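Single-structure report; data block below.
The values are calculated or read from the model by the stated rules, or taken from the named source; none is laboratory data. Being a predicted model, the structure only gives us computed values, none of them experimental. In this analysis, Cβ positions are derived from the backbone assuming ideal geometry, glycine residues included, and neighbour counts consider all displayed protein chains. What goes into the accessible areas is simple: the full protein's heavy atoms, side chains included, and nothing from ligands, DNA or RNA. Shrake-Rupley method; radii C 1.70, N 1.55, O 1.52, S 1.80 Å.
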Amino acid sequence: MAAMAAHQVIIVCGETGSGKTTQLPKIALAMGRGLCNYPKTQADGRPAPRGKLIGHTQPRRIAASSVAKRIAEELKTPLGEVVGFKVRFQDRLAKDASVKLMTDGILLAETQTDPLLKAYDTIIIDEAHERSLNIDFLLGYLRQILPRRPDLKIVVTSATIDAQRFADHFASRRGPAPGRPKPGTAPRGAASHTQWVSVGATWCLRRSSWCRAVCSRWSSVIGRLRSRVTTT
């Protein structure tokens with residue numbers, strides 16, 4: 001909690017089953033983040049601006065829905081009231097919910113209508129070690145908007161991760177983003193200890209020229225395959 005309060009970006013490493021997925025959103029709520037912690041009216045009695053959400057991404061739809069159900073159960077609230085989820089073809093999120101579980105693809109799609117992700121005050125990127133294309137793009141995008149969203153907190157979680165590359169990716173003038181292990185877990189060897197104690201966030205999105213080159217390459221490969229299928 002102290003690390004999250006003091007830094008804009010942190011990374012939490014922990015073994016599978018250590019509780020990082022379910023406990024981090026609750027920690028953010030306890031810190032006063034999330035829609036339920038925002039005042040409904042201003043000092044002069046006028047309605048206050050709408051609060052912000054705690055966004056929590058998962059690589060798969062089934063994981064997003066099951067994690068939302070688990071956290072709601074631990075908070076003893078109905079699913080969707082405080083904690084809900086949004087995945088493709090399914091939305092179980094009340095208007096006043098505070099924690100939103102979703103796939104990384106859903107959050108990536110939201111950048112088209114909300115470029116600075118102003119709907120969120122905290123974003124938790126879970127299972128970052130899977131390094132899917134969506135996760136890579138998200139982490140690269142978040143790195144770009146951080147200077148314009150000083151109020152936004154980013155938490156990157158993973159069971160296994162290249163900590164130094166993550167730290168270098170999110171490094172600022174004050175140095176790499178800090179991080180720490182989930183309590184109850186133990187580092188594996190000296191190298192892992194360094195990663196667990198002094199880590200920060202992520203390497204991700206390549207430069208746009210690299211992305212264009214990859215897309216162009218795949219387009220040409222697909223074109224050749226289609227021509228072969230047509231001729232046969």
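Observations
- Restricting the calculation to alpha carbons of segment 12-171 gives Rg and Dmax of 15.4, 50 angstrom.
- Rolling a 1.4 angstrom probe over the protein heavy atoms with all chains in place gives segment 29-160 an accessible area of 49 Å² per residue.
- For the peptides 103-112, 5-14, the ranking by packing is 5-14, 103-112, with the highest mean count of neighbouring Cβ atoms within 10 Å listed first.
- Heavy-atom accessible surface of segment 1-154: percent carbon and sulfur, 1.4 Å: 54
- Under 5 Å between amide hydrogens, built in the peptide plane, is the criterion, and for Ile124 it picks out Gly55, His56, Thr57, Val155 among residues at least 5 positions away or on other chains.
- Under 16 Å from the Cα of Lys40 - aspartates and glutamates, other chains or at least 8 residues apart: Asp96
- Inter-probe distance in nm under a simple model that places probes 7 Å from Cα toward Cβ, at Asp114 and Gln144: 1.8
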